[in-house]
1. Counting only other residues whose beta carbon sits under 14 Å from that of A391, what net charge do I get with K and R as +1, D and E as -1?
2. If you rank K208, K399 by fewest surrounding Cβ atoms within 10 Å, what's the result?
3. Please compute the modelled spin-label separation between F340 and I381, points set 7 Å along Cα→Cβ, answer in nm with one decimal.
4. Could you tell me which of the pairs K44/K81; K208/K407; K68/K312; K67/K312; K323/K407; K67/K399 are separated by over 25 angstrom between their Cα atoms in the structure shown?
5. Give me F118, F402 ranked fewest to most by other Cβ atoms within 10 Å of their Cβ, as a rough exposure proxy.
6. Please compute the net charge surrounding V39, taking Lys and Arg as +1 and Asp and Glu as -1 over other residues with Cβ under 10 Å from its Cβ.
7. Would you kindly compute the Cα radius of gyration of the stretch 411-459 and its largest Cα-Cα separation (Dmax), both in Å?
8. Round to a whole angstrom and tell me the spacing of the C-alpha centers of the stretch 297-323 and the stretch 229-287.
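Bear in mind that the values in this text are calculations on the coordinates, not laboratory data. Computed from a predicted model, the values in this text were never measured in an experiment. So basically every Cβ, Gly included, is an ideal-geometry build from the backbone, and we count neighbours across all protein chains shown.
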Amino acid sequence: MFRVILISSLLAMVLAGLLNVVLPVTNKLPDFSDITDDVTDVVKSRMNGLVSKGVGRNVKELIGIQKKLKIINKIAAEQVKRANAKHGNPSAHPVVFEESVDHLGMKNKDEVLDSLLFQGDMFLPEDQLDRMIEDAANELGWGHDVLTKLGVATRSKRQALINPPNDYRWELPISYYYDDSICMLVQIEKPKSIAFVLSSLIPGMTAKDTLYDSTMGTNLGPQFGDIVLINNHYQCMCQNATVTCANGGYPNPNGCATCICTGGYGGTTCSDRDPGTENGGATLQATASDSCQTLKTCLGNDDNITNVYNQKSWFIIQAPAGKQVQLIFTKAGSTPGMPFTKTYGCKFQGVEVKIRSGEYNRTGFIFCGDNPVLVSNTTNIIPFTSDNNLAILQIYTMKNMFNLEVKYRYVDSTTDPTTYPVSCQPCQDNNTTCASLVQSCNDPQIASDCPATCGTCPT
């Protein structure tokens, strides 16, 4: 049993100052002799399981990451010593964190996984850890021979200027505005000042397009628009690209031979559907208007384990040219009976819907599980209709299984918007005890009362 102690140099120095902790400093290097590539077969087996879930490319890489994190921990302690010595303080006992930081109330109980996370909740690739170690070692005056002995890959060139001539920076002011309609709710005391209040009745923030309400705060990582913005700002775009990108993608500045793709697309030229993290998803054709086809899928495992990444699957639904795709969601959420935590931005699981032409390069509408704005029922059918012949869906989960069932068809301007074919309507059980009657579905009455459970929904 082991535990890797993780602590950033900044946190170390701050704690040293606050607690008046002082450590002796010498020119002698820390003892790295206890840091090796040797791991037990049990640890290798667990690492192999993590690799199968997308954490790292192979076990060898994970062993290297574990080793580099141990090195970072020792470097952090050395930085604390130097910081204390710089302030002329006498010696004292070191500060040690014996457990990972409990970020957002979620503590990782898997010791092998914990040993692969920087500061308890960040999975960083080995090359990034090498850069961190190299930068810190240079600040401490250690030569490349030390890094070579530790197995740290170093850069062949180093940037000499802190602020080079092409160091583009954001210009102020960055514009924003308040919606005048909320002022009467939140103005307090001074007429020209605004305060924010917590209320279970008044949302703290609402999107101008309310379908984006649960998209705000999403935790899916940098999106296509974020990457475009950064590359444009720092003038990091291809001048002589050797590739032509489809579906709104653009040449990747890192080589200019492949493309950075909008959400839902992948491949060298963005001509393919993004396979997601599990090599799943599908490209579907809406082939009828007078009846619905059904997409029924799920992603993840009901094991109550919070992964360090989101599992993702993309689905592209196409209608004939000149038609539109109509979606009716009948299920979108966690497995009944499994715990589900709804958060701003739908952190743990959700579905993303893109149905607007000209906006496929943006993040779509994101909905958490069982959102009544998204999911239809027998008394309230909620159609989501694209404005062209394309709809793109993404389902994702970080914890437990996400289940999706959506009915789809193509429509046009002649389609009656007030009526829906029977096959497009939600199918629900009419008896609350249907789950216990599944073995009796051969009984015509039970099959009629429990169509969802018995699979006898009209088609």
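1. Net charge around A391: +3.
2. The fewest-first ordering by Cβ neighbours comes to K208, K399.
3. 2.3 nm
4. K44/K81; K208/K407; K68/K312; K67/K312; K67/K399
5. F118, F402
6. 0
7. 14.3, 45
8. With the stretch 297-323 and the stretch 229-287 each reduced to a Cα centre, they are spaced 19 Å.
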